[in-house]
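Notes to accompany the following structure.
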């Protein structure tokens, strides 16, 4: 499928059916899950999952020529909305004012059993 002007950066996982980052006119879109630096899925407590997810987002953006301070919008998916306060505490270690536009969405489940958080972000390149 030809997609003129759109660039997709494949996920490092050869089995993945999703790109890691997509770019269009200097806007990047990425979705991240709680993956540790060694590539393993982190299914521990909510704090650790949030840290791994936001670190994976940071790494993906930097790899695509952007950064956390260039994030325009963030959608946070949580399997338990009671975890939102914990996510917010971790979030404030990765982001600073002016805060990105964001939404938190409660979901029944995510892609892997035990996964509690996933984020989708749009960021400006550069």
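The values are calculated or read from the model by the stated rules, or taken from the named source; none is laboratory data. Computed from a predicted structure; not experimentally measured. So basically every Cβ, Gly included, is an ideal-geometry build from the backbone, and we count neighbours across all protein chains shown.
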Check your understanding: Mind checking which residues of the stretch 94-112 are outside any strand (DSSP E or B) and either in contact (Cβ under 8 Å) with a residue 24 or more places away in the chain or surrounded by 16 or more Cβ atoms within 10 Å (Cβ to Cβ) (or both)?
Key -> 94, 95, 96, 100, 107, 108, 109, 110, 111, 112
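Filter the stretch 64-87 for residues that are over 16 Å from residue 122 (Cβ atoms) and touching a strand residue (DSSP E or B) at 6+ places or on another chain (Cβ under 9 Å) and give the result. Let's see the steps before the verdict.
The initial filter retains those residues of the stretch 64-87 that are over 16 Å from residue 122 (Cβ atoms), namely 78-87.
Residues satisfying the conditions are 78, 79, 80, 81, 83, 84, 87.
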Point to revise | Test: residue 54 is crowded, with 22+ Cβ neighbours inside 10 Å, in contact (Cβ under 8 Å) with a residue 60 or more places away in the chain and more than 10 Å from residue 119 (Cα to Cα) | key: no
Check your understanding: Any chance the stretch 61-78 includes a residue that's modelled with pLDDT of 95 or more, over 14 Å from the mean Cα position of the chain (by Cα) and over 25 Å from residue 10 (Cβ atoms)?
Key -> no
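Taking the conditions exactly as written (part of a helix (DSSP H, G or I), surrounded by 13 or more Cβ atoms within 10 Å (Cβ to Cβ) and modelled with pLDDT of 75 or more), does residue 43 satisfy them or not?
Working: part of a helix (DSSP H, G or I): no; surrounded by 13 or more Cβ atoms within 10 Å (Cβ to Cβ): yes; modelled with pLDDT of 75 or more: yes.
Answer is no for this residue.
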Check your understanding: So residue 37 clears everything in (1) surrounded by fewer than 13 Cβ atoms within 10 Å (Cβ to Cβ); (2) modelled with pLDDT under 90; (3) touching a helix residue (DSSP H, G or I) at 6+ places or on another chain (Cβ under 8 Å) except one condition, right? Which one?
Key -> (2)
Review point. Which condition breaks for residue 15 when tested against (1) in a loop (DSSP other than H, G, I, E, B); (2) surrounded by 14 or more Cβ atoms within 10 Å (Cβ to Cβ)?
Key: (2)
Point to revise | Neighbours by Cβ (under 7 Å, 6+ apart or cross-chain): first from the stretch 69-85, at negative phi and without any contact (Cβ under 8 Å) to a residue 40 or more places away in the chain; second in a helix (DSSP H, G or I) and surrounded by 13 or more Cβ atoms within 10 Å (Cβ to Cβ) | key: 78/84; 78/87; 83/46
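Can you name the residue in the stretch 27-40 that is touching a residue at least 60 places away in the same chain (Cβ under 8 Å) and part of a strand (DSSP E or B) and is also farthest from the chain's Cα centre (by Cα) among such residues? Steps first, answer last, please.
Going residue by residue through the stretch 27-40, those that are touching a residue at least 60 places away in the same chain (Cβ under 8 Å) are 27-34.
Narrowing the set further to residues that are part of a strand (DSSP E or B) leaves 27-32.
On the way: 27: 15, 28: 12, 29: 9, 30: 6, 31: 4, 32: 3 Å.
The selected residue is 27.
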